[in-house]
Structures are given as structure tokens and as C-alpha cells.
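Some notes on the structure that comes next.
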Amino acid sequence: MKTVACVVGARPNFMKVAPILRQIEASSGLDAWLIHTGQHYDNNLSGQFFRDLEIGAPEDDLGVGSGSHAVQTARVMTALDSLFDQRTPDVVLVVGDVNSTLAAALVASKRQIPVIHVEAGLRSFDRTMPEEINRILTDRVSDLLFVTEQSGVENLRDEGIAEDRAHLVGNVMIDSLFHARSGAIPAHETIARAGENDDPPERFALLTLHRPSNVDSPEVFGPLLDALNEISKSLPIVFPVHPRTRAALDRHGLTGADGEPGILMTEPVSYFEMVGLLHDAALVLTDSGGLQEESSALGIPCLTLRENTERPVTVSHGTNVVVGNTPDAVRAAFARFTAGDHATGSIPPLWDGRAAERIVRVIENWI
Ligand code: UD1
């Protein structure tokens, strides 16, 4: 039996690998070896997701933790290299675009272990984003590339990656979303618990922010929060706060509008809580890649608080509008939403909950 080492590290990786692990388990010819780099280690960014997604405990946890990009990437590389000294997999599978993704792809390719990249080809064309560097380099050293949308196929072709290596298969994030819907925790329960309020608002917007470009500088983050605070006076906002964002708020001395009427800040929520919040939200405001996709798949209007997206199908087919992160742009986009001027959207092609099935079929034939 061939061993596929699946290397994951950060929260969005876990939803992407879960359906692949389930499918590999159901397949006769493959054996999955789950390795957690430990990039994310808090229970509410990691352990709780393993439980909600029914992923068994990783066989190996490299425990690399936080650090600068170079330090974190190097730690994953060193630890994984030692692990592969003891046991060498037949292939290495990585998902998404976090530092752990690139680090694992580099270690494997230098050891001549074939690399499979799931969620290949996405490009924001913005190299100030660390994930863009991770995406470009991971794709460059990958042998088999699975793509979520047509733009990805075109980007890989434009970068000279052989077309027979790339497969448009749909989106494993959406496989997980559809799988989790039955277990979703209704939003009013999460909001009531977080707000210690027995009578939470029924209509609300869901906000997440964690990109360095939004939260690292107080000159950007402060005015953005002011605009969001204004919005929350007409549509209450629920804001699960990522640890990076929490640290930025503390560092800059910003309150994050907590306690202001309308913005409810919470700790990061579990996957089942997030799926429930998303499902019941009137609007999503975010800088996350995953939430742009999930809101498109559920038909919930989404305003992306960034200058670009590497997921253009969420705009052309889905419900996403790329707004930017200046207060005026955010206010204007919210005014358009309030006036009813928002695309209803359709689910992008192949986002049908069966991407992992297609992926594992291709891997079995290829291996
Ligand atoms: C990482 C990914 C990003 C992804 C995000 C999802 C990279 C370059 N970035 O960003 O693409 O969208 O995960 O969450 O890989 N921290 C904790 N507990 C943890 C992990 C992190 O408190 O379990 C704090 C630490 O202060 C840490 C900071 O969050 O320094 C940032 O963590 P890191 O893994 O470097 O990047 P993310 O911002 O989470």
C-alpha cells in the first residue's frame, strides 16, 4: 500500500484535508499518514477543529509554533526532514497556502518525493501577501496539482506548468462545509453564549479580519474599525477575533469597538459554530479566503475587505464583492448592500461536495 503523507499546519488546512482523509480511508490502495506541523496550536484554532471535522489525532506533531516567516518555515523544514529520515512516504500531499504548505513541499521535492498540491493555481498577483509567495513556490515544485476554479488552470498554464499535471476538481473546503451543515450550531446559540445575552439579534453581519495588511498597522486598522463600528449601528456585527488580531488590538491600544453598541467580539469559534454563523448571517465582512468561498457556496452576500482576491470565481459566479479596506470604500459598499444592490450569485462549477472523491481517484491512477 502506498503512503500519502498529508502535512497540515494551520486552521484552514484542517477543513481541506478532512474530506481527503475520509476518501483515502475508503480507498483500497492508499494509506494516509497525517502530520501536523504545529503552526497553529491553540485548542480553538487546532484541536477543536480536529474534533469537529472528525480527523483522528495526527500521527506526528512537529510542534513548531509561532515565529517569523523564515523561522517558522525553517522549523517545519528541519523537523519534517528528520521525520522523513526515519520513515519516507511515497508522496507528500499539501493543501492551501500557509507557511507549513510551502515548507513541506520544499522538503519533499528536495528529497525527490513527489508533491501533490491541493488548491493550486490561485493568484492574487500581490506579492506583499505571504500566501502569494507560498502559492507560487509550492505550485512550482509540485508534481500533481488540484485546482478549485478555472482561473487557477489558466494561471498555472501562464506560469509554464505542464497542463497534464493540473486537474480542475472543485473545492475540498466546500466538501467539508456541506458535510458539516447537519452539525452546525445555530447562530443564535453562539451569539447568546458569547454575548451573555438571552435575546441576541436575529439579523447580523459576520466579521473576520486577520490579514497583516488589515491588522498590523494602526493607521489602517483603527479607521477600518471605526467604519465597521458605524455599520454595526444599523446591522449588528459578530466578530470572532483571531489571535493575531487580538495581539494587534492590544499592541495598538485599540478597543476593537468591543462594548460599543453593535459589535460583539468573541474568541475564535469552532468549525460547527462558524458554519452556523455563516449560514444564518445576513452579510459576511472578511479578509479570509475560505469565507469568500463558503459564503459564495451558501449564497450569503460577502464584502471582501482587501484590494484583491485570488479566488475570482467568488466574484464572477458567487456572492463576493472585493471592496478594499479604506473606511470610505467599506461604507459605500455597505450602503449598496443595504439598498439591495448585491449579486445573488450561483455556486461555482464543481463545488458540489465531491472534490475529494475526484482528487483521490486521480491520485490512485497517477500513483
Ligand atoms: C496563518 C496563515 C494564513 C491563514 C491563517 C488562518 C501563513 C503565512 N499564514 O496566519 O494564510 O489565513 O493562518 O488562521 O501561514 N497564534 C496563536 N495561537 C496559535 C497560532 C497563532 O496565538 O495557535 C498567534 C501568534 O501570536 C502568532 C500569530 O497568531 O504569532 C500568527 O500566527 P501564524 O501561524 O504565524 O499566522 P496566522 O496569522 O495565523
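The values are calculated or read from the model by the stated rules, or taken from the named source; none is laboratory data. Values in this document were obtained by computation on a predicted structure and should not be read as measured data. No Cβ is skipped: glycine too gets one built from the backbone with ideal geometry, and neighbour counts run over all protein chains shown. Heads up: the accessible areas ignore ligands, DNA and RNA and are worked out on the full protein's heavy atoms, side chains in. Shrake-Rupley method; radii C 1.70, N 1.55, O 1.52, S 1.80 Å.
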For the stretch 177-190, 3J(HN,Hα) per residue [Karplus equation, 6.51 cos²θ - 1.76 cosθ + 1.60, θ = phi - 60°, Hz, x = Gly/Pro] | 4, 5, 5, 8, 4, 5, x, 4, 8, x, 4, 4, 5, 5
Nearest 10 degrees, 0 to 90: what angle lies between the long axis of helix 11-26 and the longest principal axis of the chain (Cα atoms)?
-> 40 degrees
Net charge near THR138, counting Lys/Arg +1 and Asp/Glu -1 over other residues with Cβ under 15 Å of its Cβ?
-> -1
Does the stretch 173-212 classify as rounded, prolate or oblate by the C-alpha gyration tensor (a ≥ b ≥ c root eigenvalues; a/c under 1.5 gives rounded; else a/b over b/c gives prolate, otherwise oblate)?
-> oblate
For the stretch 1-50, the percent of all C-alpha pairs falling in each 5 Å bin, from 0 up to the bin holding the max distance, is 5, 21, 29, 21, 14, 8, 3
Computed over the chain, Cα set: Rg, Dmax in Å | 20.0, 61
How much of VAL141 can a 1.4 Å solvent probe reach, expressed as accessible area in Å² and rounded to 10?
-> 40 Å²
Taking Rh as the Kirkwood radius, which is the inverse of the mean 1/r over Cα pairs, what is the Rg/Rh value for the stretch 217-367?
-> 1.02
Compute the separation of the alpha-carbon centres of the stretch 114-151 and the stretch 293-328 and state it in Å as a whole number.
-> 20 Å
Output the peptides 167-178, 16-27, 337-348 sorted from most to least packed, where packing is the average of other Cβ atoms within 10 Å over each peptide's residues.
-> 167-178, 16-27, 337-348
Calculated on alpha-carbon atoms, Rg and Dmax of the stretch 257-314 in Å | 12.3, 37
With x for Gly and Pro, the residue-by-residue ³J(HN,Hα) of the stretch 46-58, computed from phi through the Karplus equation 6.51 cos²θ - 1.76 cosθ + 1.60 at θ = phi - 60° and given in whole Hz, is 9, x, 5, 5, 4, 5, 4, 8, 6, 8, x, 4, x
Tally Lys/Arg at +1 and Asp/Glu at -1 over every other residue whose Cβ is under 9 Å from the Cβ of VAL215; what's the total?
-> 0
Please give the helix 99-110 orientation as an angle from the longest Cα principal axis of the chain, in degrees from 0 to 90, rounded to the nearest 10.
-> 10 degrees
Summed over the other residues with a beta carbon less than 14 angstrom from that of THR148, with K and R at +1 and D and E at -1, the charge totals -4
Amide H contacts under 5 Å for VAL322, placed H, 5+ residues apart | THR304
Which whole-Hz couplings ³J(HN,Hα) result when phi for each residue of the stretch 113-120 is put into the Karplus expression 6.51 cos²θ - 1.76 cosθ + 1.60, θ = phi - 60°, listed in order with x for Gly and Pro?
-> 8, x, 10, 10, 10, 9, 5, 7
The answer for THR37, listing residues at least 5 apart or on another chain whose modeled amide H is closer than 5 Å to its amide H, is VAL8, GLY9, LEU62
What value does the stretch 88-225 have for Rg/Rh, both radii from Cα atoms and Rh as Kirkwood defines it?
-> 1.09
Under the rule rounded for a/c under 1.5, else prolate if a/b exceeds b/c, else oblate, using alpha carbon gyration tensor axes a ≥ b ≥ c, the stretch 1-133 is classed as rounded
